[in-house]
Structure formats: C-alpha cells, structure tokens
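*Asks:* Sharing a structure below in structure tokens format, with a few things to ask.
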Amino acid sequence: MSLITDYIGKPTSRVDGPAKVLGTAKYAAEFNVPNLLYGYVVSSPIAKGKITKIDSEKVRALPGVQEVFTHENVPNYAFLDRSYKDDVAPGGSPFRPLHDAEIKYSLQPVALIVADTFELARYAASILHIEYEEAAHETELTKHIDEAYEPGRGKTGYKPPKSRGNFGRGWKEGVAHMEGQFSHHAQHHNPMEMFASTVEWLGDKKLNIYDKTQGVFNSQQYVNKVFGLSKDQARVISKYTGGGFGSGLRPQYQLFMAVMASLQLERSVRVSLTRQQMFSFGHRPETLQHVALATAADGSLTGMNHFAVAETSQFEDFTENVVGWTGTLYDCKNVKLGYRLAKLDVFSPLDMRAPGAASGSIALEIAMDEMAYAAGLDPLEFRIRNYSDFDQAQNLPYSSKALRKCYAEGAAKFGWEQRTPEPGSMRDGNLLVGWGMGGGIWDASKQPAVVKASLDADGHLTVSSGTNDIGTGTYTIMTQIAAESMGLPIEAVTFVLGDTTLPESPLQGGSWTAASVGNSVVEACNKLGEALLKQAQKMDHATFKDAKIDDVQFVNGQMRLRTDLTQGIVLRDIVQASGEPKMEAENSTVLTKLEMLKPPKYSMHAHNAVFVEVKVDPDLMTVHVTRVVNAVAAGRIINPKTARSQVLGSVVWGISSALMEESVMDHRFGRYMNHNYAEYHVPVNADIHDIDVIFVNEEDDKVNPLGIKGIGEVGLLGVAAAVANAIYHATGKRVRDLPITIDKLL
Amino acid sequence: MNSFTFTQATAVEAAVQDKAAHEGAAYIGGGTNLIDLMKENVARPTHLIGLKNLGLDNIENTPDGGLRLGALATNADTAYHPEVEKRYPLLNQAILAGASPQLRNMATDGGNLMQRTRCYYFYDLATPCNKREPGSGCSAIGGYTRVHAILGTSEQCIATHPSDMCVALAALDATVRVSGPNGERTIAFEDFHRLPGNTPERDNNLEPGELITGLDLPAKGFEKNFSYLKLRDRTSYAFALVSVAATLELDGTTIKDARLALGGVAHKPWRDKAAEALLIGQPATADTFRRAAAKVLEGAKGQGTNNFKIELAKRAIVRALKQATEMNQALDATAFQNSNP
C-alpha cells in the first residue's frame, strides 16, 4: 500500500449519491419488468394453532386473480431442513413458508394471492376466508426464565461465554458492590425500504431475482437449494438497499413466495411486504439480564457476574454474544458469565445492528455506572482504573487498542471534567442536567472476498465484487481504495456490486465489509498492476525492461519508475497495446482449511467511548438528549464522511433504544400491537441535537493490510447506557428497564 | 382496500345528495386518515365524494368579530393564517403540535374533527373492537393502553380522540357548521364529539349524510394568555399522551376567565367547566392551578399501562396554566415541548 493517499482517508461524497437523489437508483420493488404479476401476503391473526379451513372460491372468482397459494397447493420443495438453511441460520429447523397448517406465531404468512395488479391482490387478501383452531400460546419471557437452557453452537459466530476465576471469591473480596436486573423489549429493524422481491421469468425456469437483501449469494444459495435451481437459473441482483441493520442477512419469506409463484405460474412476479408485515419476522430479542460487580478499595474490579436470558422461537435457537464482551472490555480475574434461551411462540430473532453487544452493553455499562457510584469514583476514572491492556478472555494481546484515546479525546471534547458527581447537582435554568457515559467493544473481522479489477482501453477501471451497499458507503470506499491503488482519478473508477454474476463476496454484516472487500480490492489492483507491467515490458519500452513490480508505482493514470518519476507510460496505452478490449485480474482471498484453523495471534477489536448530556424537566420528566460525543477507535478510516454518517446513525439508534423504541407485545393475543411507523417510535429530527463524532488515531498493521476495523456497529455501543446514566445523574432515578419512557420517571 | 367510485363534488347540496344516493359512501377531504383506514380495511367505503372543489377553503372574519374557517381549509393554511396567528395563537400552536408538515398540508379543518381514534386494536383487524365492529368486545381494556382514555370511558370502549386542533377548538368554544339532507344547522363544539357509552362506533353527533362546512370561532381568542402543552413519546409526529389547552384572561394576578381542555385522555376533547370555575376569580398561583388540575382528574380511571397519565395530566395542567400566566415573561426551557412545529 502506497503511503501517498490521494483518496483513502479523504471525506469523499457518496459516488452513488446522484443516482439516489435523481431517483435512478432502483430498489427491489421498482423493477417493472414486462407482464408482471403482483403478490400480496395474508398474515395470521393468531399466534398459535392450526388452519382448519381455507375458502378461496370468492377470491378465485375475481377477474384478474391468478392464483391463491396456501399450504394446500404449494408443492413440496426441498425435503431436508438443511436446504432451507442460509448462511446465518441459527441451529434448529428453519421456518418454511406456506408449508403446513400449523401456526407458529402471530403475523405468520398463511397465503399468497397473485393478481394482475397490486391493488387487486390486496383487496383479494381482505376477503380470503380462513378458519383457525387456536391453541394456547406463550409469549411472555418473564414466565419462562426457569425453562431457559444453554444453547449449542448452532449459529456461525456464536461463542458460548467462558467464565474465569471464581466470582464468589471476587464478590467476597470486594468492599463495594452493585447488583441489578436489566431488561429491554423486542425491537424490529424497520429499514425504510420494505422487503420485496421482483422475480423476472426469462423462460425455462431461468430467473432474474431483484431481491432486498444484504447478500445476493445468500439469497441465491437459498433459492438453489430450496427450488433445485442451478446458479445459472437463479441470478440474484441487489444494487441498492434501503437500509438493512441485519434484517436482510437472512432471506425473508417474500423471496420464497415470489420465486415459488414465478415457477408455478411461469410468469414474472413481485411480492412486497407491508410495513405491518415488517414485524412478521426477525427482531432484536427481548432480553433479561442480571449483573453483579464488586470492587476493591482502590476501585479495581474483583468480580463480575453477567447473566442473560433471551427469547427465541420454538423452531430455532437464535444466539448472539450478549455477555461475552463483559469478560474482555474490563480487567478482572473473576468473571462469571451465563447465557440462556427461552422458547416462545414468536418468529426467530435475527441479528440487529451490533447483535448481542448492543443488548449486553446496556446492562454492563449501566452496571459500571452504578458500580462507580458505589465505589465513590467518577465513572470515567473507574473505567480507566479497570482498563484491559490484554484480552483475558482470549488470552491474547490486542492487535491495537486506542480506547484510552477515546476516553481522553471524548472527555476533553465533551468537557467531562466540569461534571459534578452528585445526582441532580447540575442545572440549566429549571431543567435538570445529567452527564453520563458508556462505551463498548466490537469484533474486527474479515471474511474471504473475491474481487476483479478490469482496465479498459479508455483507461477506465471497473472493480467488481458481489458485495452489497446497505447505505453504509461501500460503493464509495471501494472506489476510493481502487483509485488509490491504481493511481487513477476517482472519476475513472467504477465499483460494481450486488449481483451473483460477479465474484463472490460475503454477506454485508458484522462490520466486516470494508476490511474483507477493501483489502481484496487492493490485491486485485496489485495483480492488475503486475499484468500491466508485464504487458509494458512486451512493448518497445526500455524503461520497464528489467523492472519488478516493487520498482514501479501507479500515479496520475500512469505507471512510473520509482527511481525516475519522469519515466512513465499511460495505462490506457498499455491496454491498447495488448490488443484486447481490456486487461483483467482477480483476487481471491479464500482461506485454506489450514489457515482457517490457525489460532489467532491477536485479539482484534474496535472500541468506543460515548459521552451524553440530557436535560430533564423536573416536573414533567420529559428527557432531551442535548449533546453526544462519540469517540471511536476503529483502525484506519477510509472515508471520514461516510464513517461519520454511520456513527451518527448509531447514536440516533442508541437514543432510540434508550428512550422510545420497543415492539409492544399484547400477550393475550401474542401479537405486537404497535406494528406501524406511527406507533413504533424512533427519533424524529426534533429529538436529535448536537452529535460529535471523533475517530481517534489507531494504526494497526496486524488486523489486515489496510488496517481497517469496521465502523458499522461499534458506534451504537454504550449509547443507550450513557443516556440512562445521564438520566440517573440528572434525576437520581436509576431505570434498568429500557426504553426509559416518561411513565418510568414520573 | 376495496374498489370504490369517486365523484369530485362542486356544490354542497350535490355532495349531500350524492352521499344519500350511495350506500356506503364517504366524504373525503385531505384523506390523511381515511386512506390509511381504507388500506387497513378498517374503512371500506364503496363511493368517495371529494370535497376539495366545494370552495370551502376560505378563512374570513365574521360580522360578530369572530373568524370562520372553511371546512376544506388545510390545517397548514389555518395555522399560518395571519388572523389565526394574531387572534387565535392557541389554535396555531395546537395545529402545529400535530402530525407533520406534509400531513398538515393535506389535512383539512373539517377532516380534523372527523379523524378516528389511533387505538392499536381499532386498527388491527385481528383483534376485536366495539368501535370497528359493535358487540365484538373491547381489546384495549386489559391490554396495552398507552394512547387510551382515563376520563369518560365505558365498558365498551376506552379510545381517545387523537386531535390536537380539536382540543384548542373546544377551549375556544368554536361552533361547527353542518349541511345535511335536512338543511343547515350548527353544533356547539362540546356537543360535536361523543363519549363512547354503549355506542362507541359513533364518534360524533353528525346525522347521517351531514357534511361539515365550516367552523366559527367567537371573537374572544385569549391571545394574551394561552398555552398548548403536548406531552408525547417523541418531540414530533406522535399522538399526545396528554395535551392541555389552557387560556386565561387576567386582571393583574386575578383570573377573570379561563378555559381548560385536554387531549389524549378521553373519547372527545375533554373540556372541564367545573375546573374552570375553580380558576375564575382566583389568583393565578400554583395552588389554584393544582386545585383545578385535581378537579379535572377527579373521576379519572387508569387502565393499567396508562395509569401514569392521571399524574402526568395533573402536572401538565399546572404547567400549561403557569405558562399561560407567564406568557410575556422569558420562556424557560420547557419550550422544548412546544418548540417543534
């Protein structure tokens, strides 16, 4: 990697911005292929039981209704559970849409009506007659804690928590203690774009599938396995995604339905879900947590106990790392961790931005605040005293860790030293002012990703990989990295993604896309550079005759000799001399089995520290988050502009979790009752005030060649807890059940 | 959503006749609520009668010194009308506390009165609802009742009327002008909306086929001392947990006249004249306000998850009256609640 940076680290505006603003960026439900049919999903009104009768005669009689699909007439596709398992499926038996008469959860899809127009399909859905036999359902997590069990390792990335030392002894050694129960309700991702699949029937079971997803290959392999289609038959395309937050990590049921209907009717079919139906699949699980901490006289932690029980469905063990982070983030010899699941009559939960860590950090970071108060220490000072310089959980050194800088720079920017510790001691006029803090840790991961780089005879570089851009800025940063690597102006570079005909790339999740695809872009460009050098050497060009790849550099559209920068050759001339329309190189970072089994040498993580100011009306108890500083250590930041947007979004979501967001279940019906944007509250502009994002300098040559750690998730951590802690500081009220709505403060 | 026919009416009489001629017909103004209800299959009109071309979108002074709001004037045009801003600032504040700019640009003043409850169970066909389907039962009772009533409820229904504008109209003693098959009449605002009783399916006292043509505001606008305080789960685009319209006429520190109306607490905008009587003639102090607040909430009944609204409403009344009293003094930071149009 060249040290000169023309593009990497620069606040480049989104290269896909104009397409989005002009409306030329098309989303899954916007591909108006010819002769399209429209599907509308009918959802179950009950949470558990059986369909006893379906009378579709009236619906079928409507002119323009093509078919009514239910479990009674959907053909049996793949037999085995494993055919329905996608890349991130948890252990268990995946849900099969329209498979049998059994109702497993409220809002379960029970029928698909396909008609000539969307409006007709929707109307038909409203008059389809279905009878049910209801069975008693269980949706209340608090009633099923005793039955909770330790899940197996079913889900990729799940690490069963490991205790160390002896918490009982650590608790006894402590001179100050805290203990508390924490809880938060289910949350649904609710990206702006609702789930939709437009399946274009090309004849002979050949399909173009425009899908809302965070990974085209995941959708493709699901369709391949379930319907027995080859890769050629099922091309999945997703160029733009209107938000994901994890909801697009698994193929949602509209994909099954649209493909099924297309194959059955031999027509192009679109199925799009309604906002209400966005509450009919995965969600962040309701989680109950218990945390106990003890400290010695000097404020060092002598014991930590973190236990969580989360909901899952009756058919899958959805697991996430809720408590494991507690054993890493702070230095402590005696750590007891536990994580259990309880089965309820709901759909399986699903990864949602910083899955597990977001939930765990709420409990841990409120508990750390409580502990700081019990130990008589400033919450920041308390964290610094328990700073982890070595990952005790993995018994590994950190590849890099600039959390101290986050604390220092964040606190300085916020003005933390002006804080008076006593709750209720700070005022702004009549308003109570509270300052709170928190923070978190997230994995710096990297997955195999294949990237192709192709330079045409006009000197335009096209770099491609079948990754996704869920609004994170993938298009932009990959363009920057490629432009940097090939020494081309950014206008001469196009990054192409979101198509299964492109080289294979992992799902966009886990904050790993920048590192996984980005490093592979560099490698692909390096390989292209080597090919260009070889071609140049074939030309009548004495300059490069004996040059090795390390002897040349790519600058201003030219290849130049490092020893004599005046000697250069224009890249497009090399391509033109090759006689081919373009020159290409591909990089595959697929790891061998041996490499995958190699134990890691370093603990690789991103960190953050968040400082929050709230103002609370002392009579009405209304809360406003007036100021947030979020300092993030996430290795090299490729684009401070798109990265900042990611962290801004995280902060907004953290405020949302703290103050308003919850899917409210009426247990009598086993149904989420606020299943729409009007009543499922997330912040509006008027709720959001000053947010400062700091990226502290963190150089890491071990995590990956580009030194990237990923910023999609880390920014969310600790935000909700910091808001809760600030509310405590303002009011003296410790609320451990989120969201902290007005009724909990009155 | 079912199929429907549509007529754009150009005269009030024709609209009324059109309605009488079609069973299952509905008038449509801005459609900001009706279209939602149709998409949810809660409302299934077979015929819609558009009102936008009736020429009822004027706002004009009346000979008695009041102001007439055409039923088809939009909420946005009403809120920002110079006469409303100057003489009825309470109405301006209340309208701007509701919905979003986009919705207020579409929503009409007559339609604002006609919007239906935001009860979660009313909107969800999977759950029984007496308002949607008389006799099927009330799912909200014993359920999630955050947006539900604490005053004037019945065994049949605990829904609230969701409007902000109507709370101000109740406080201002507006009059509703209607036309129907039997001609024109006026309805006092407090008699327009109903309590649920045993007929929760009826939101108001309009007779079948009647159409709102306008709203009359009396001359007295309480432009000197007023407050519209709305408490909700986020700062904008959320229905009120509790809202208070408070107006005062002061003689020094003595209250000469007062109006008090609440939103988010009952099936109709909740005006309490007994509480107003406790204010009139009294000094404008916190004690006076607290007595009035206690009076308003005297018969309040929580439904479990909305018990907190009783205490919240008391505090909101005291705060709103205080804000109305201290109008001309420097606004304190409680302006948060009212600062967001």
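Read-outs: derived from the displayed coordinates by stated rules, not from any lab. Keep in mind the model is a prediction, meaning the values are calculated, not measured. Because the Cβ atoms are built from the backbone with ideal geometry, glycine has one as well, and the counts that use them run over all protein chains shown.
*Asks:* For the range B:174-223, what's the relative contact order in percent, using C-alpha pairs closer than 8 Å and at least 6 residues apart?
*Replies:* Result for the range B:174-223 is 46 percent.
*Asks:* In which sequence would A:E179, A:E698, B:E155 go, from the one with the fewest C-beta neighbours within 10 Å to the one with the most?
*Replies:* B:E155, A:E179, A:E698
*Asks:* Kindly list the residues of the range A:84-121 that lie in the label zone of A:E133, defined by a backbone N under 16 Å from the point 7 Å along the Cα-to-C-beta vector.
*Replies:* Answer for this model: A:100-104.
*Asks:* Further question: When we measure straight from the Cα of B:K224, which lysines land under 19 angstrom away, once same-chain ones fewer than 8 places off are left out?
*Replies:* Cα-Cα hits under 19 Å: B:K86, B:K256, B:K322.
*Asks:* Between the range A:58-88 and the range A:305-374, what's the alpha-carbon centroid distance in Å?
*Replies:* 37 Å
*Asks:* Right, next: By how many nm would the segment from A:V555 to A:K534 lengthen if fully extended, with 0.36 nm per residue of separation less the alpha-carbon distance?
*Replies:* Result: 5.8 nm gained on full extension.
*Asks:* Taking the number of other C-beta atoms within 10 Å as the exposure measure, put A:T156, A:T494, B:T325 in order starting with the fewest.
*Replies:* Lowest count first: A:T156, A:T494, B:T325.
*Asks:* Would you please give the residues with an amide H less than 5 Å from that of B:L241, counting only those at least 5 places away or on a separate chain, with H modeled from the backbone geometry?
*Replies:* For B:L241, whose amide H was placed from the backbone, the distant partners under 5 Å are B:L231, B:R232, B:D233.
*Asks:* I'd like the mean, over residues of B:119-131, of how many other protein chain beta carbons sit within 10 Å of each residue's own Cβ.
*Replies:* Partner Cβ neighbours, averaged per residue: 4.
*Asks:* Whole Å is fine, so just give me how far the alpha carbon centre of the range B:127-191 lies from that of the range A:125-158.
*Replies:* Comparing the Cα centres of the range B:127-191 and the range A:125-158, I get a distance of 37 Å.
*Asks:* Which percent, to the nearest 5, of DSSP beta bridges fully inside the range A:618-736 are antiparallel?
*Replies:* Antiparallel bridges: around 35 percent, rounded to the nearest 5.
*Asks:* On to the next question. Mind checking the alpha-carbon convex hull of the range B:225-327 and giving the volume per residue in Å³?
*Replies:* 89 Å³
*Asks:* Given a cut-off of 18 Å, what percent of all Cα-Cα pairs of the range B:66-166 lie beyond it?
*Replies:* The proportion of pairs with Cα distances above 18 Å equals 53 percent.
*Asks:* Taking neighbour counts of Cβ atoms within 10 Å as a proxy for exposure, in what order, fewest first, do A:T213, B:T127 appear?
*Replies:* Least crowded to most crowded, the residues run B:T127, A:T213.
*Asks:* Can you give the calculated 222 nm mean residue ellipticity of the protein assembly as shown, where each DSSP H run of n ≥ 4 adds -39,500 (n - 2.57) and the sum is split over every residue, rounded to the nearest 500 deg cm²/dmol?
*Replies:* -7500 deg cm²/dmol
*Asks:* What is the Å³ per residue value for the convex hull set by the Cα atoms of chain A?
*Replies:* 168 Å³
*Asks:* Now, a different point. Just to verify a number: FRET efficiency for A:E140 and A:H177, C-beta to C-beta distance, R0 = 35 Å, to 0.05?
*Replies:* That pair, A:E140 with A:H177, gives E of 0.70.
*Asks:* What dipole magnitude, in Debye to the nearest 20, does the range B:225-327 give about its Cα centre under +1 on Lys/Arg Cβ and -1 on Asp/Glu Cβ?
*Replies:* Taking the Cα centre of the range B:225-327 as origin, the dipole is about 360 debye.
*Asks:* Turning to a different aspect of this structure: Provide a whole-number value for the mean count of partner chain Cβ atoms within 10 Å of the Cβ atoms in peptide A:687-693.
*Replies:* That average works out to 1.
*Asks:* Continuing with this model, one more query. What FRET efficiency would be calculated for the residue pair B:Y80, A:K413, taking the C-beta separation as r and a Förster radius of 25 Å, to the nearest 0.05?
*Replies:* 0.05
*Asks:* For helix B:308-325, what angle does its Cα long axis make with the longest principal axis of chain B, in degrees from 0 to 90 and rounded to 10?
*Replies:* Taking the Cα atoms of chain B, the angle to B:308-325 is about 70 degrees.
*Asks:* Between the range A:164-201 and the range A:387-437, how many Å separate their Cα centres?
*Replies:* Result: 21 Å between the Cα centres.
*Asks:* Using the Kirkwood radius built from alpha carbon pairs, what does the Stokes-Einstein equation give as D for the range B:5-52 at 25 °C and 0.890 mPa s, in µm² per second?
*Replies:* Taking Rh from Cα pairs, D becomes 227 µm²/s.
*Asks:* Mind checking the full-extension length gain between A:K601 and A:L396? Use 0.36 nm per residue of separation minus the Cα-Cα distance, one decimal, nm.
*Replies:* 73.1 nm
*Asks:* Taking 7 Å along the Cα-to-C-beta vector as the label spot, tell me the A:D100-B:E326 distance in nanometres, rounded to one decimal.
*Replies:* 6.6 nm
*Asks:* Considering only DSSP beta bridges where both residues belong to chain A, give the percentage that are antiparallel (nearest 5).
*Replies:* Taking every DSSP beta bridge within chain A, about 75 percent pair in antiparallel fashion.
*Asks:* Here's another thing I want to ask about it. As a test, work out the antiparallel percent of DSSP beta bridges whose residues both lie in chain B, rounded to the nearest 5.
*Replies:* 85 percent
*Asks:* If you take the charge dipole of chain B about its Cα centre, with +1 on Lys and Arg Cβ and -1 on Asp and Glu Cβ, which of B:A9, B:P218, B:L278 is farthest toward its positive end?
*Replies:* Farthest towards the positive end: B:L278.
*Asks:* Counting partner chain Cβ atoms within 10 Å of every residue's Cβ in B:135-143, what's the average?
*Replies:* If you average over the peptide's residues, the count of other-chain Cβ atoms is 2.
*Asks:* Quick check: pseudo-label points 7 Å beyond the Cα along Cα→Cβ at A:D55 and B:N61, how many nm apart are they?
*Replies:* My value for the distance between the label points is 6.5 nm.
*Asks:* For the residue pair A:D564 and A:E119, what label-to-label distance in nm results when each label sits 7 Å from Cα along the Cα-to-beta-carbon direction?
*Replies:* 7.5 nm
*Asks:* Considering Cα pairs under 8 angstrom that are at least six residues apart, work out the relative contact order of the range B:225-327 and quote it in whole percent.
*Replies:* 30 percent
*Asks:* Any idea which of A:L207, A:A196, A:S93 is furthest toward the positive side of the dipole for the range A:85-213, if Lys and Arg beta-carbons carry +1 and Asp and Glu beta-carbons -1?
*Replies:* A:S93
*Asks:* Give me the three principal axis extents of the range A:274-433 from the C-alpha atoms, as integers in angstrom, largest value leading.
*Replies:* 50, 47, 29 Å, listed from the longest principal axis down.
*Asks:* Is there a pair in A:K452/A:K582; A:K231/A:K527; A:K452/A:K641; A:K162/A:K601; B:K230/B:K309 whose C-alpha atoms are over 24 Å apart, and which pairs would that be?
*Replies:* Violating the 24 Å limit, Cα to Cα: A:K231/A:K527; A:K452/A:K641.
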